1. In segment 38-71, how many residues are surrounded by fewer than 16 Cβ atoms within 10 Å (Cβ to Cβ), in a strand (DSSP E or B) and polar (S, T, N, Q)?
2. Check whether at least one residue in segment 17-26 is modelled with pLDDT of 50 or more and among the small types (G, A, S), and report yes or no.
3. Go through segment 110-121 residue by residue and tally those that are surrounded by 12 or more Cβ atoms within 10 Å (Cβ to Cβ) and at pLDDT 90 or above.
4. Can you name the residue in segment 72-108 that is part of a loop (DSSP other than H, G, I, E, B) and hydrophobic (A, V, I, L, M, F, W, C) and, of all such residues, is surrounded by the fewest Cβ atoms within 10 Å (Cβ to Cβ)?
5. What pairs come up if the first residue lies in segment 74-97 and is free of Cβ contacts under 8 Å to residues at least 12 places away in the same chain and over 12 Å from P25 (Cα atoms), the second is loosely packed, with under 14 Cβ neighbours inside 10 Å and aliphatic (A, V, I, L, M), and their beta carbons are under 9 Å apart, counting only those six or more places apart or on different chains?
6. How many residues are more than 28 Å from K23 (Cα to Cα) and β-branched (V, I, T) if we restrict to segment 35-77?
Amino acid sequence: MRTRIACLYVAVILFAGCVANPKTPNLAGDWVFEAQTGENVAHGAMTLVADGASYKGTLTTDQTDNVLPVRSLTLQGAELSMLVESPEGNVTFKGTLADDAQTFQGQVVYYDGRMIPMSPPNAMPIGLVPRSDR
């Protein structure tokens, strides 16, 4: 009887651990995005590679010819944080990744301190769509 109770206890603990720690999505790969802020729409592409517990890569938009380094992108639970280096200074993004790991929304803070929300109703969420099957 004690063995059954001990096995049941272990099974409950293991199950609780699985529920509490859902699989972290893999964001490495090639992505396209669209960000709408008011009247402006930026289309772009981003390539991410795993770098330990975070990601690094590059980002380009149709607004300039620059290839911008993504210095870091971290994901803790659904909370996403990204640092992009632009010629004018660092641009940061903080937001939330959707459950399907295909879209995120939040706020961009530009190098000059301007803050632009990237969520309805002020703007559309930034959408990430894989360019290729992973």
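1. 3
2. no
3. The qualifying residues number 1.
4. Residues of segment 72-108 part of a loop (DSSP other than H, G, I, E, B): 77-78, 87-88, 98-102.
Cutting the leftovers down to hydrophobic (A, V, I, L, M, F, W, C) gives us 78, 98, 101.
Working: A78: 14, A98: 16, A101: 17.
Per the stated criteria, the residue is A78.
5. Every condition considered, no pair remains.
6. 6
Let's see how each residue does on (1) among the aliphatic types (A, V, I, L, M); (2) on the phi < 0 side of the Ramachandran plot; (3) within 12 Å of the chain's Cα centre (by Cα):
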| position | (1), (2), (3) |
| --- | --- |
| M46 | yes, yes, yes |
| T64 | no, yes, no |
| L75 | yes, yes, yes |
| N90 | no, yes, no |
| V108 | yes, yes, no |
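The values are calculated or read from the model by the stated rules, or taken from the named source; none is laboratory data. Since the structure is predicted, the reported quantities are computational estimates derived from the model, not experimental observations. So basically every Cβ, Gly included, is an ideal-geometry build from the backbone, and we count neighbours across all protein chains shown.
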